[in-house]
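Taking it in order: structure first as C-alpha cells, then the write-up.
The values are calculated or read from the model by the stated rules, or taken from the named source; none is laboratory data. Keep in mind the model is a prediction, meaning the values are calculated, not measured. Here the Cβ positions follow ideal geometry from the backbone for every residue, glycine too, while neighbour counts run over all protein chains shown.
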Amino acid sequence: MNSDALNALDQAVAIARERAGDRPPIVGVAGPQGSGKTTLVKAYAAFHPNIAHFSLDDVYLPAAYRRLIAQSVHQLFATRGPPGTHNLTLFNETLDELCEAGEGAQTILPAFDKVADNPVHSSHRPAFHGRPSVILVDGWCLGATAQTDADLVAPINNLETQKDKDAVWRKEVNANLAGAYQLSFGRLDAIVNLQAPSFAIINDWRCEQEEGLLNRDLTETDRLRVGLFVQHFERITRHMIAGGRRAEIEVQLDENRNVTEIKRIPGSSDT
C-alpha cells in the first residue's frame with residue numbers, strides 16, 4: 001500500500017484520538033468500489049498493534065431479509081449495497097462492544113460472504129482480543145450526505161430509468177442515508193476519503209475487485225453484470241465525488257490508485 005495513503009490514515013487517527021477522549025478512537029475509510037479501502041486498512045493494521053477493523057460490507061443484511069424489503073418497498077432493495085441494505089444495529093453494537101472492551105475481552109466481529117450473499121455464521125467470524133488502540137471501519141458511502149428532493153427527480157442511469165421510474169427506490173435510499181446512516185456515520189471520530197479521479201474509472205476498478213473475488217478472469221457476461229451492479233451505487237458515488245460527503249482527510253487518487261494529493265479539510269478537526 002502506498003506510504004502516502006498510510007500517512008493520510010495516520011493523520012486521521014491523530015485527529016480521532018483528540019476527539020475520542022478515554023475511549024478507543026473510531027476512524028472511517030471511505031471510497032468507491034475498488035479504490036483500495038480494505039487494502040489500506042489491513043496494511044495500516046499490519047504496522048500498528050491492537051487495531052480492530054471491519055467493513056460496512058460485513059454488516060449487509062441477509063439475502064432473504066433484503067428480498068422482504070424488495071417485496072414491501074421496492075424490488076431494487078434485493079441487491080446489497082445502497083443505504084437500506086445494511087444491519088446498522090450490528091454496526092453500532094460492534095462499535096459499542098469494541099469501545100467497552102477490556103484487556104481480556106473477546107469481541108466477535110461481523111463478516112459477510114459475498115459469494116453466498118449472506119452473513120458468515122457466528123462460529124466462523126473473526127474475533128478481536130483485548131482493548132483496541134484504534135477502531136478502523138471501511139465503507140464505500142461512509143460520510144456521504146443526503147441529496148435534496150430536487151436532485152432525486154431525474155434518473156441518472158438506465159437502472160433508474162427502467163426500474164425506478166417513480167423514484168421510489170432512490171427516495172427511500174436517500175431517506176435512509178439522511179436518517180439512521182447519518183447517526184451511524186456520526187460515531188466516526190474522523191474519516192479518510194479516497195477520491196476517485198472520476199466515476200468513469202469505477203467500473204474498471206470493480207471488475208478488478210470481482211476478478212479477485214472469483215479468482216478468475218471475467219467474461220463479457222460478467223462485465224455486463226458488474227456494470228449493472230455498479231449502477232446501484234452510481235448516484236451516491238457521483239454525489240460524493242462532487243462534494244456530498246464529510247471527510248477530515250481527502251486522498252486524491254489517479255486511475256492507477258496512486259496518491260496525487262492529500263488534503264486536510266479546513267475546520268474539520270474543530271467540529
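Looking only at residues of the range 16-37 that are part of a helix (DSSP H, G or I) and surrounded by 21 or more Cβ atoms within 10 Å (Cβ to Cβ), we find that the one that is nearest to the chain's Cα centre (by Cα) is LYS37. The residues on offer are ALA5, ALA70, ALA45, and the sole one that is in contact with a Gly (Cβ under 8 Å, 6 or more places away or on another chain) and either part of a helix (DSSP H, G or I) or surrounded by fewer than 18 Cβ atoms within 10 Å (Cβ to Cβ) (or both) is ALA5. Among residues that are assigned to a loop (DSSP other than H, G, I, E, B), in contact with a Lys or Arg (Cβ under 7 Å, 6 or more places away or on another chain) and modelled with pLDDT of 95 or more, PRO110 is included. Contact map, the range 83-107: residues that are polar (S, T, N, Q) paired with residues that are in a helix (DSSP H, G or I), Cβ distance under 7 Å, separation 6+ or inter-chain. Pairs shown: THR85/ARG66; THR85/PHE77; ASN87/VAL59; ASN92/SER184; THR107/GLU97; THR107/LEU98. Looking across the range 122-144, the residues that are modelled with pLDDT of 95 or more, surrounded by fewer than 16 Cβ atoms within 10 Å (Cβ to Cβ) and out of contact with any Asp or Glu (no Cβ under 6 Å at 6 or more places or on another chain) come down to HIS124, ARG125, PRO126, ALA127, HIS129, SER133.
Summed over the range 168-182, residues that are touching a helix residue (DSSP H, G or I) at 6+ places or on another chain (Cβ under 8 Å) and surrounded by fewer than 17 Cβ atoms within 10 Å (Cβ to Cβ) total 1.
Name the single residue, out of those in the range 79-120 being among the acidic types (Asp, Glu) and within 16 Å of ILE51 (Cβ to Cβ), that is surrounded by the fewest Cβ atoms within 10 Å (Cβ to Cβ).
Selected residue: GLU103.
Summed over the range 38-83, the residues that are under 16 Å from the mean Cα position of the chain (by Cα) and among the aromatic types (Phe, Trp, Tyr) give a count of 2.
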